[in-house]
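Novice: Can you read through this structure? Questions will come right after.
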Amino acid sequence: MKLDRPPGIKTSYLSPDAPQFDQTNLASKSYKSGHIKIRPARDKDSGYIIQLSKRVFNIYGPYDKMVTAWLESDSTIIIIAQINRQAVGFAMLGDLTSRFDYFHSPELLALAVNPEKQHRGIGRMLLQEIEKKAVETGTNRIFLHTGVKNLRARRLYDQNGYSPWEIKRRFYAAGQDAVVMSKEIRIWNLL
Ligand SMILES: CC(C)(COP(=O)(O)OP(=O)(O)OC[C@H]1O[C@@H](n2cnc3c(N)ncnc32)[C@H](O)[C@@H]1OP(=O)(O)O)[C@@H](O)C(=O)NCCC(=O)NCCS
């Protein structure tokens, strides 16, 4: 089912005219077709983002509703991965207002890939691209929450330089524990 764009969604974080980033070379190692592009989210992507969130995050609680709220925030950066003009994943970085405070970094609110397109390097590409966006805004560090038992996500973050910070018991609405992970992105990108 295609969901409608949520009412009242703001467009300030969406960039309809922004250029696309051609990730063909990055993608070619893990996705043979080499047609993956990462681009800023547009207004019309909101339905896709909510729909995918419902598919992959609702085991943790009403994430489609939470993502809708995040979409309405002024301080959220969202990027979309697409293949042949079809969206296949997204990443969402929030709380950029605190980017100059060392101890309060922006949070990677969500990272998701269509289940049928997972395990091909798209999640890693989205993660690396959202980090570049964060660096551009002056952020030094990113943190995130992910399920303690979400081993694929934890492995992806671990492989990309995120360190576990703390465990939050029953963090999710559905009762799962979360692990907080963080990464010094500015230092990492200078290495
Ligand atoms: C977590 C998630 C975003 C990862 O996305 P992904 O596109 O599957 O991730 P990648 O393909 O970049 O990397 C994941 C794995 O695929 C492997 N991989 C990448 N390209 C591959 C290829 N061509 N062939 C085989 N494996 C490959 C990676 O090495 C990694 O392997 P691992 O699972 O053994 O560690 C995705 O699984 C997802 O959407 N999950 C549901 C939502 C979620 O849990 N999000 C994270 C919490 S916010």
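The values are calculated or read from the model by the stated rules, or taken from the named source; none is laboratory data. Source: prediction; values computed, not measured. Here the Cβ positions follow ideal geometry from the backbone for every residue, glycine too, while neighbour counts run over all protein chains shown.
Novice: Here are Ile79, Ile50: which of them is of a type in the set (A, V, I, L, M, F, W, C), farther than 26 Å from Ala174 by Cβ and touching a residue at least 24 places away in the same chain (Cβ under 8 Å)?
Specialist: Of the residues listed, the single one that is of a type in the set (A, V, I, L, M, F, W, C), farther than 26 Å from Ala174 by Cβ and touching a residue at least 24 places away in the same chain (Cβ under 8 Å) is Ile79.
Novice: Restricting to the range 42-60, count the residues that are at pLDDT 95 or above and outside any helix (DSSP H, G or I).
Specialist: So the answer is 2.
Novice: Give me the residue from the range 97-117 that is at pLDDT 85 or above and in a loop (DSSP other than H, G, I, E, B) and, out of that set, nearest to the ligand (Cβ to nearest atom).
Specialist: Out of the qualifying residues, it is Asn114.
Novice: Anything in the range 162-191 that is touching a Lys or Arg at 6+ places or on another chain (Cβ under 6 Å) and surrounded by fewer than 18 Cβ atoms within 10 Å (Cβ to Cβ)? List them, or say none.
Specialist: Matches in the range 162-191: Asp177, Glu184.
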